[in-house]
């Protein structure tokens, strides 16, 4: 039995009588309920997904540690996007389990519940409010019960302003706070969307080809940003840019035909004959 199966088997009793009220929705929305006592934030255990007979994920198992920066690579069709879809609730697996921490079963939750629980996802193309300022975009992204209309026109209190200012500094857009988002460069728009996730205080960030279309300088600065976030957040980065992956360092997982083909540091996977054959080439 692999370590993922052992970890998930150990927490199975918590899914029933151990969850307060027996309802997964009410359980995950309670503050402080995320159990990271085993120092693992995400478990994928024997996940399989099929679309019209095509097996997008095939018995996929993986663990992501708390504070880890993990890169995911692999050829087109390897299952990278489907894996993210399963984690965020967009796609339901045919088989297997997916846990956030020790007790939160993501396969039983909706997309909004998963986002509220602390998982943020960034797609390749940035989704921002281009007609509004950088500051307003971050304010709109805050976890709040206010409507978008009220968020735009209500007075911003000092606590909210401080959070926005901290986020602006983190994503290096503090000098662009009052600029319409539509006037930002492509790389700056990507950083803004990352900031819109960060301000919601996610525990886990899923980032799909975040440096695609960036200049070399923007790519390097994005690498610095991600390395500064690791430890405070857990990051899963799907990427094809090997130079960027090398800058990030850490563990690299290679997917192929919906399963883990290899993992280790970048040098190890680059020298793996199986990875060379199906992905890197000679």
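Only the coordinates and a few stated rules stand behind these numbers; no lab work does. Here the structure is a predicted model, which is why all the values come from computation and not from measurement. Here the Cβ positions follow ideal geometry from the backbone for every residue, glycine too, while neighbour counts run over all protein chains shown.
Compute the whole-percent fraction of alpha carbon pairs in region 133-282 spaced more than 24 Å apart.
Here the tail beyond 24 Å accounts for 42 percent of pairs.
Arranged from highest to lowest average of other beta-carbon atoms within 10 Å per residue, in what order do the peptides 70-79, 53-62 appear?
On the way: 70-79: 21.1, 53-62: 17.7.
Highest mean packing first, the order is 70-79, 53-62.
Starting from the 7 Å offset along Cα-to-Cβ, what nm value, one decimal, do you get for the label separation of residue 33 and residue 157?
Spacing of the two 7 Å Cα→Cβ label points: 2.5 nm.
Per 0.36 nm of contour for each residue apart, how much would the distance between residue 107 and residue 55 grow if the chain were fully extended, relative to their Cα-Cα spacing? Each step should come with its number before you reach the end.
On the way: separation 52, 0.36 × 52 = 18.72 nm, distance 1.81 nm.
Separation in residues times 0.36 nm, less the Cα-Cα distance, equals 16.9 nm.
Does region 49-131 come out rounded, prolate or oblate, given a ≥ b ≥ c as the square roots of the eigenvalues of its C-alpha gyration tensor, rounded meaning a/c under 1.5 and, failing that, prolate meaning a/b above b/c?
The shape class here is rounded.
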